[in-house]
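**Q** Handing you a structure now.
The values are calculated or read from the model by the stated rules, or taken from the named source; none is laboratory data. Small disclaimer: the values here were computed from a predicted structure and weren't measured. With ideal geometry, Cβ positions are generated from the backbone for all residues, glycine too; neighbour counts draw on all protein chains shown.
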Amino acid sequence: MNFNKYDLIQYRLEKARTTLKEAKSLADSGFWNGVANRLYYSCFYAVIALMAKHEISATTHNGVRTEFFRVFIKTGILDKDLSILYSNLMGKRQESDYGDFQNFSEREISPLIRETEFFITKITELIEK
């Protein structure tokens, strides 16, 4: 079976949406560290879909963030607030996955769900242009 660039982009966008659903499910159960993780990955999948469209590659999470900022934020293609959210979620994911005694609260993480929905919407709109 052969896949093309369009297939890869669509797969990654669907993965972003599915991962967001996972975050919401974890939120319903009160697993806020898990929510932080899934919100980050939801944004990550959307960003790598966008990068695939523009044939931009990176081999690490930091590399993806750097290229996202350089190509889409610094140039004004996307609003700086999206970069702030992405970096914030990246930090929270690292804290929750690797930090000892880190337990996020609903108050800290719940508002990020709506922001992540907006993030994915904006990335999808840019891809579809």
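**Q** Would you point out the residue of segment 95-112, among those that are part of a helix (DSSP H, G or I) and touching a residue at least 60 places away in the same chain (Cβ under 8 Å), that is farthest from Gly30 (Cα to Cα)?
**A** From segment 95-112, those part of a helix (DSSP H, G or I) are 95-98, 106-112; that's our starting set.
From what's left, touching a residue at least 60 places away in the same chain (Cβ under 8 Å): 96-97, 106, 108-110, 112.
Numbers: Ser96: 14, Asp97: 16, Glu106: 7, Glu108: 12, Ile109: 10, Ser110: 10, Leu112: 14 Å.
Filtering segment 95-112 for residues that are part of a helix (DSSP H, G or I) and touching a residue at least 60 places away in the same chain (Cβ under 8 Å), the one farthest from Gly30 (Cα to Cα) comes out as Asp97.
**Q** Only helices (runs of 4 or more DSSP H) wholly contained in segment 1-94 count here; list those with 2 or more residues that are touching a residue at least 24 places away in the same chain (Cβ under 8 Å) and in contact with a helix residue (DSSP H, G or I) (Cβ under 6 Å, 6 or more places away or on another chain).
**A** 5-28, 32-53
**Q** Also, I was wondering about something else. Mind checking which residues of segment 81-117 are under 21 Å from His61 (Cβ atoms) and either in contact with a Pro (Cβ under 9 Å, 6 or more places away or on another chain) or among the aromatic types (Phe, Trp, Tyr) (or both)?
**A** Once the filter is applied, which keeps residues that are under 21 Å from His61 (Cβ atoms) and either in contact with a Pro (Cβ under 9 Å, 6 or more places away or on another chain) or among the aromatic types (Phe, Trp, Tyr) (or both), segment 81-117 yields Tyr86, Tyr98, Phe104.
**Q** Could you please let me know if Phe101 is at pLDDT below 95 and of a type in the set (A, V, I, L, M, F, W, C)? Write out each step before concluding.
**A** Values: at pLDDT below 95: yes; of a type in the set (A, V, I, L, M, F, W, C): yes.
Taking the combined requirement at face value, the residue satisfies it.
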